[in-house]
Structures are given as C-alpha cells and as structure tokens.
1. Among (1) outside any loop (DSSP other than H, G, I, E, B); (2) touching a Phe, Trp or Tyr at 6+ places or on another chain (Cβ under 9 Å); (3) not small (G, A, S), where does V313 come up short?
2. Give the range 345-357 a look and list any residue that's buried (at least 19 other Cβ atoms within 10 Å of the Cβ) and over 16 Å from V324 (Cβ atoms), or say none.
3. Across the range 366-379, what is the number of residues that are surrounded by fewer than 20 Cβ atoms within 10 Å (Cβ to Cβ) and not in a strand (DSSP E or B)?
4. In this structure, does S163 turn out to be of a type in the set (S, T, N, Q) and crowded, with 16+ Cβ neighbours inside 10 Å?
Amino acid sequence: MTRDVMRRLAEARPAHLDPDAPVDEGTRRAELARATYGAQASSAARGRARGGRRLRWGLAGVAVATGAAVALAVLPDDSAVAPRDGGSGGAPVVALDARTILLTAADRAAAQPDRPGRYWHTVRVGSGAYRVKSPGGDYTIVTRSEQKAWTPFTPGNHGWSGSRDLGAVPATPADEAAWRRAGAPSELTVQVGGRKASGPVRLKPMPVSTRPGEERIERHPLVGGDKVFWLGRNVTMKDLRTLPDTPAALKKWLLRSYAGHGTETTDQKMSSDDWLFTVTTGLIIDMPVTPATRAAAFRMLADLKTVRALGTVKDARGRSGSAVAVTERTPNGTFQHRLIIDPATARPLADERVLIKGAGMSAKLPTGTVVFSTVVLGNGWTDAAPR
C-alpha cells in the first residue's frame with residue numbers, strides 16, 4: 001500500500017524520495033511533510049548520503065542491540081511523550097542575542113570528548129502536521145515516526161536503518177475535541193502536494209493512522225561504497241572527520257556546493273545565508289564531525305546576519321533550550337526555521353519549522369503550528385550494531 005501511495009505522490013516529492021527504497025510509511029510521511037511545506041532537506045533525511053538524486057537511507061530507525069553497551073548521549077527529556085500543543089513551542093524567556101547563544105555553544109562544543117567507535121548512532125523522532133477535513137469541523141493531526149541509524153566509521157562496511165511509526169495524534173486539545181466529535185477515527189486521509197517550477201499546488205490524498213506501526217530494520221550498502229552523509233554533496237566519513245575547523249574555511253568549503261537554490265529543489269531560490277543555516281544545522285544535528293569542526297560550525301552561524309535569537313523555547317518533547325532561527329519563504333508558506341540547543345552542553349535538541357504565514361499547502365493550518373520537527377533523542381559513537 002505504501003508504494004502505491006508514494007507512486008501517486010510522485011509529483012509532490014523531491015526526486016530522491018524513491019518509492020522502492022527500504023523506508024517505512026511513517027518515515028516517508030515525515031520526508032513528505034518536509035518537502036510539502038517547502039522546507040529544505042533537514043534533519044536525518046538531509047543528512048543521509050544520496051544515490052544520484054535518490055535518498056538511499058531515508059529517516060532511519062532500528063532496535064538497540066540487546067545487551068550491548070551503546071555510547072549514546074541521551075539528551076534531557078522533560079516529557080515522556082510528544083506534547084500536543086502544536087504551537088510555537090513556548091514564549092521566549094531569555095533575552096540573549098543569537099551571536100551570544102552560538103558562540104557559547106561553540107565553546108562548549110569544542111570541549112566535548114571525541115572517541116570514535118564502529119558506528120555513529122543517532123536516535124530521532126520526526127513529525128509533520130496535516131489538516132484533516134471533517135463535517136463537524138476540520139482539525140490538525142501530527143504524524144510521528146521514531147528513527148534510528150548506525151553509520152559505519154570504516155569505508156566499505158554496510159549501515160543499518162529502520163523506523164517505527166508512532167501513530168498520529170491531534171495537535172491541540174481543541175483538535176482532539178474535533179477528532180472525537182468525528183468519532184475518533186484511527187484511519188485518516190490527509191492532503192499532500194507540492195509546486196513545480198510553475199503552476200498551482202496539486203493535492204493528493206495520503207492515508208495516516210493513529211495506530212503505532214511495527215519497527216523495521218534494514219541493512220544496506222553505502223552509496224558508492226563509502227558515502228555516508230549529504231553536506232551540500234555526498235561525503236565520506238573521512239571527509240567529515242577532516243572538515244575545516246575555522247569558521248571562514250568551513251564556510252568556504254560548504255559554499256562550493258551552493259548553486260543559488262534550496263537543497264531539495266532547483267526551482268526555489270535560496271540565499272547563501274539561509275542555505276548555510278540549513279546545511280550547517282544538518283551538520284550539527286546529524287554528523288560525526290570533530291569537536292573543533294562543530295565549534296567552527298556554531299561560530300560560522302554566529303556570523304550570519306539573517307540568524308536571530310528566539311530566547312528559550314520548548315521542543316516537541318517539552319524540553320527547554322536556546323533557539324536561533326532564520327525566516328524561510330516558500331510557495332507553501334513562510335516559516336521560522338529554528339535550531340534548538342541545550343545551553344548547558346551545546347547538544348542539539350531539535351530542528352523545527354514553525355508556520356508564520358500560511359500559503360499553499362499550509363493555508364489551512366493555524367499560525368504557530370510546528371509543521372515539521374526533528375527531535376534529537378541522542379547521538380554518539382558505539383561499537384554495537386543492531387541485531
């Protein structure tokens with residue numbers, strides 16, 4: 001069923017969303033949410049290496065190896081489940097400028113230990129917001145997918161990926177009330193779509209469920225035998241581990257891949273600063289770079305004129321962090337693209353896009369809706385593979 005749906009959505013997705021790739025329905029929905037709302041290749045999907053124009057890995061998820069020690073940095077979690085507020089994630093309470101936030105994060109990132117293991121292991125929860133039509137009143141639901149990945153340190157080794165659909169939930173108490181008035185259906189249909197270089201948004205139906213799915217695990221070769229992530233272009237683990245460790249040199253290295261457009265589509269113009277923010281957020285969120293390179297990434301963002309501070313906000317799991325953001329304008333709305341950081345450790349908490357002004361696919365969503373979110377539950381080196 002998933003493959004049939006995805007083929008019907010061929011016009012709505014970026015070219016790398018291959019319907020034959022081993023990615024489950026919940027994961028692919030998260031990718032579609034990001035693509036639908038015009039958000040460039042963020043979070044784990046942005047990070048994985050692409051085979052040609054296809055995403056070989058998807059947003060990954062697998063079970064932790066039983067009885068194996070995993071050197072995973074689990075981040076603070078103030079909530080057992082994702083909250084259903086669907087809003088902007090909390091009002092700012094700390095008046096720090098973006099430069100101060102990012103330079104402080106850089107100093108703390110530089111002091112973090114760096115002990116590579118067999119795999120770079122990441123754990124994420126991706127979500128996307130959709131509007132559901134109902135005779136008793138439309139409402140917003142949020143799809144959620146847990147994603148984990150094991151990226152090998154040594155070239156030639158295979159990686160592991162998989163996912164588990166956590167089930168859709170109403171976004172707010174008001175949405176839950178409308179959902180219950182509709183009979184609390186477990187199977188729903190939402191509309192997704194996209195815009196080509198010209199022409200109107202074309203909508204397509206997509207089924208979602210409130211029931212959690214089963215976890216899948218996939219073993220796969222690396223793209224080209226050694227490409228592990230996408231950072232403006234496909235890169236190897238050696239590329240990542242030898243990236244420049246000064247802001248100017250890192251910026252120059254990244255901009256060699258900038259072509260004036262977004263990272264998911266060539267027909268949407270994007271400024272170099274916004275492109276750098278998107279790609280560098282991927283580096284910070286996903287990638288096993290050295291502490292010196294991570295610090296350089298924060299310092300480079302601190303020099304971007306378009307980045308501003310949001311103060312202290314809460315991510316989709318209710319964890320408080322310092323947020324910085326840029327404004328993204330797309331055919332499907334204007335969004336606040338924000339990176340939320342744990343100020344005590346400089347570890348990333350979340351990559352989110354919050355609706356500022358609806359248009360196209362986001363026209364029916366309330367202002368302040370978190371239309372796409374990737375929450376980081378942990379990352380770090382491990383010698384244990386899933387089994």
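1. Going through the list (1) outside any loop (DSSP other than H, G, I, E, B); (2) touching a Phe, Trp or Tyr at 6+ places or on another chain (Cβ under 9 Å); (3) not small (G, A, S), V313 breaks only (2).
2. Matches in the range 345-357: L355 only.
3. Looking only at that region, the number is 3.
4. Yes; evaluated as a whole, the condition is true for this residue.
For (1) modelled with pLDDT under 95; (2) assigned to a helix (DSSP H, G or I); (3) over 22 Å from W230 (Cα atoms); (4) open to solvent by less than 10 Å² (accessible area, probe 1.4 Å), each residue gets a yes or a no:
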{"position": "G282", "(1), (2), (3), (4)": "yes, yes, no, yes"}
{"position": "A292", "(1), (2), (3), (4)": "no, yes, no, no"}
{"position": "R299", "(1), (2), (3), (4)": "no, yes, no, no"}
{"position": "K305", "(1), (2), (3), (4)": "yes, no, yes, no"}
{"position": "A323", "(1), (2), (3), (4)": "no, no, yes, yes"}
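The values are calculated or read from the model by the stated rules, or taken from the named source; none is laboratory data. Predicted model, so just to flag it, every value in this text is computed and none were measured. Methodologically, a virtual Cβ is constructed for each residue, glycine included, from the backbone with ideal geometry; neighbour enumeration extends over all protein chains shown. Areas reflect the complete protein model, heavy atoms only, side chains present, ligands, DNA and RNA absent. Shrake-Rupley method; radii C 1.70, N 1.55, O 1.52, S 1.80 Å.
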